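Bear in mind these aren't lab numbers, they're just calculated from the coordinates by the rules spelled out. Treat the numbers as computed from the prediction; the structure is a model and nothing was measured. Positions of Cβ are generated from backbone atoms using ideal geometry, with glycine treated the same way; all protein chains shown enter the neighbour counts.
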């Protein structure tokens, strides 16, 4: 019993490790940059921004995640683009005209130092800058100011961005259009909290264990259907039926009759066939006399006669085999 429990424990551990390798149940890169730790509003790992997003919601700001192209919309609302290390699909050059016409954009990226515009309105240290570009406003800053890892110890940069949002006014949309526009799709599972992933995996193991345990109680599997014994010469009968349907019954009858003649010559060591078959059958005390009478008295060639002809042929074969066995026993 003890060995059985140890075996089950090892199976569960190995299964967990294999599943984690392929499905990343436990994210081994929490707190580090990786493709699985993108700066998503729903991502609760260190590189996610779920704390900042949830804070806006708790403060009753009109905030939500959006996946549509904001360039096709108006200029009243605020759009926030967040970029981690591996998700670099956004090109700010493509939205500059939209900003000039009155758009309000907050662009938070690891590569914020690459961008610079005239007319700085305000800034936070050397990590975030607010620009006025003709009719619109643009905030470019470091994504680390609002990621979960930073907010666990420092909230000053997040307050700066929050005040900018308050000054801009309008509904807030964390826009994911550029993150997924190249064919990549968001994954609900990847963005689940780690404890939820572990619970789901434990439930999966529990269901597998229950099914395995119940399966053992049902006992050894039994065949539902017994093996069907095939009829002798079933293939020939099937072929005969096909010939009958196609109108070639005479040809198949001749083949069976020729086989019968060959067996007769082998069995009785005669080169010619007898004229009175019925006497032959009675003289040698052969079985299936009725079938023999139907064959030799019926002039019609149909499928039933072919069956009878095959049956009496098999009688001759068995008689000859029995004769060989007796002869062999005498010589021993």
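Put in line by how crowded their Cβ is, counting other Cβ atoms within 10 Å and starting with the fewest, 91, 97, 142 read 91, 97, 142. Looking at the stretch 28-189 alone, DSSP beta bridges between its own residues are antiparallel in about 35 percent of cases. The label point for residue 304 and the one for residue 94, both projected 7 Å from the Cα toward the Cβ, are 8.4 nm apart.
Once C-alpha pairs closer than 8 Å and six or more residues apart are averaged by separation and normalised to the residue number of the stretch 44-131, the relative contact order reads 22 percent. When each of 109, 44 is scored by the number of other beta-carbon atoms lying within 10 Å, the sequence from fewest to most is 44, 109. Sorted ascending by nearby beta carbons within 10 Å, beginning with the fewest, 154, 285, 308, 54 become 285, 154, 54, 308. Between residue 110 and residue 206, what is the FRET efficiency for a Förster distance of 41 Å, r being their Cβ-Cβ separation, to the nearest 0.05? Once the sixth-power term is evaluated, E becomes 0.50.
Across the stretch 28-189, Cα-Cα pairs more than 24 Å apart make up 28 percent of the total.
For Cα pairs less than 8 Å apart in space and 6+ apart in sequence, what is the mean separation divided by the residue count of the stretch 28-189, i.e. the relative contact order in percent? This gives 29 percent for the stretch 28-189.
Using a simple spin-label model with pseudo-atoms 7 Å out from Cα toward Cβ, residue 255 and residue 297 lie 3.0 nm apart.
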